[in-house]
Amino acid sequence: MTQPAGRFARVGFDFRDTRVLVTGGTRGIGRAIAQAFTAAGAEVLITGSAAAASAYEDLSAGVTYHQLRLTERDDIARLAASFDRLDVLVNNAGGTGGAATPYDFDTALAVNLGSVYHLSSALADALAGSRLEGGAAVVNTASEMSLFASPYFPGYGAAKAGIVQLTRTFCALLAPRGVRVNAVLPGSVPTPMTSAFADDPAVHAMVSAATPLQRWGAPEEIAAAVLFLASPAASFISGHTLVVDGGYSVSK
Ligand SMILES: NC(=O)c1ccc[n+]([C@@H]2O[C@H](COP(=O)([O-])OP(=O)(O)OC[C@H]3O[C@@H](n4cnc5c(N)ncnc54)[C@H](OP(=O)(O)O)[C@@H]3O)[C@@H](O)[C@H]2O)c1
């Protein structure tokens, strides 16, 4: 089955007068999220690990770049201090460290879980100052490895399971301040992070066969779920983890 990427242009969201921060917006799923918010009229800021935007060949048009090394508390503090108001925070950045060189356990937790805790905490006041209809929104990024054993990436799996719990905790913490907090849980999506698997025809076919919809997801399909959770259409949804995996997790 082919990817239905063209359909997403027909789903309308209006994020005019909305300031959105997407961590890890330089490529992959984060890039698609940033582009979807830009297309919906938002002011979009993205982060990456490099010192300057010039390090990237093809950053999305219309976004503002900030450096945010996920394990550097000074970067988090500096970035948070640059916001007096923030409407949407998408904690997307993360990764395994690579198929051949996975992060050690502590680093995986710091990159994928600690960063989300520290950045969300540092931006709580700016989010509470949002005027977004339906309240400000935080959307975190979990993984199938939040649900299933992760023998190759134990730290990544533990961190992504922690994201589900942290989403519930921040829901409770920030609700009194008018901020909703949810998570998306993507299935397999071809990106630079997953290229070692997605580019292997045998693995690609195996994942498709194990997925009821018989294919991998597209970054734009994860972005669509993020925009929904951030939008006023989800104004009574908080503490939820939305699985976007073509049915993989209910058929495994
Ligand atoms: N692709 C999938 O199948 C899949 C499935 C489930 C969950 N996810 C999750 O979805 C999110 C995006 O994944 P992706 O596949 O789009 O990955 P990707 O293509 O590797 O992109 C990762 C992004 O995060 C940034 N990043 C990673 N580590 C960083 C660090 N230590 N410091 C600063 N920035 C860092 C990267 O910035 P630079 O460009 O500067 O390195 C890049 O913008 C991740 O949280 C991932 O765990 C992905």
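Are there any pairs with C-beta distances below 7 angstrom linking a residue in segment 141-155 that is modelled with pLDDT under 95 to a residue that is among the aromatic types (Phe, Trp, Tyr) and near the ligand (Cβ under 10 Å from one of its atoms), with the two at least 6 apart or on different chains, and if so which?
Close Cβ pairs satisfying both conditions: SER150/TYR156.
Go through MET193, MET206 for me and flag whichever is crowded, with 19+ Cβ neighbours inside 10 Å and closer than 22 Å to GLY28 by Cβ.
On inspection, the qualifying residue turns out to be MET193.
Looking at segment 142-154, which of the residues that are assigned to a loop (DSSP other than H, G, I, E, B) and in contact with a Lys or Arg (Cβ under 6 Å, 6 or more places away or on another chain) is farthest from the ligand (Cβ to nearest atom)?
In this case the residue turns out to be ALA142.
Residue-wise test of (1) buried (at least 16 other Cβ atoms within 10 Å of the Cβ); (2) not small (Gly, Ala, Ser); (3) not in a helix (DSSP H, G or I).
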position	(1), (2), (3)
ARG131	no, yes, yes
TYR156	yes, yes, no
GLY162	yes, no, no
THR169	no, yes, no
ALA175	no, no, no
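Determine whether segment 35-46 contains at least one residue that is out of contact with any Ser or Thr (no Cβ under 9 Å at 6 or more places or on another chain), over 21 Å from GLY129 (Cβ atoms) and surrounded by 19 or more Cβ atoms within 10 Å (Cβ to Cβ).
Among the residues of segment 35-46, at least one is out of contact with any Ser or Thr (no Cβ under 9 Å at 6 or more places or on another chain), over 21 Å from GLY129 (Cβ atoms) and surrounded by 19 or more Cβ atoms within 10 Å (Cβ to Cβ), which makes the answer yes.
Only one of (1) within 13 Å of the ligand (Cβ to nearest atom); (2) modelled with pLDDT under 95; (3) of a type in the set (A, V, I, L, M, F, W, C) fails for ILE33. Which number is that?
(2)
Only one of (1) surrounded by 21 or more Cβ atoms within 10 Å (Cβ to Cβ); (2) within 30 Å of GLN214 (Cβ to Cβ); (3) in contact (Cβ under 8 Å) with a residue 60 or more places away in the chain is not met by VAL20, so which one is it?
(2)
Taking only segment 203-246 into account, find how many residues are within 11 Å of SER188 (Cα to Cα) and not in a helix (DSSP H, G or I).
Selection size over segment 203-246: 8.
Only strands (runs of 3 or more DSSP E) wholly contained in segment 28-116 count here; list those with 1 or more residues that are acidic (Asp, Glu).
Result: 43-48.
Is it the case that GLY187 is farther than 24 Å from THR71 by Cα and within 9 Å of the ligand (Cβ to nearest atom)?
yes
Could you check segment 76-110 and list, in sequence order, the residues that are within 12 Å of the ligand (Cβ to nearest atom) and closer than 24 Å to ALA234 by Cα?
Result: VAL90, ASN91, ASN92, ALA93.
Checking the conditions here, which among ARG168, ARG177 is under 13 Å from LEU127 (Cβ atoms) and more than 16 Å from the ligand (Cβ to nearest atom)?
None of the other options fit; the residue is ARG177.
The values are calculated or read from the model by the stated rules, or taken from the named source; none is laboratory data. Everything numeric in this text was worked out from a predicted model, so none of it was measured. Cβ sites come from the backbone with ideal geometry, for glycine too, and all protein chains shown count toward neighbours.
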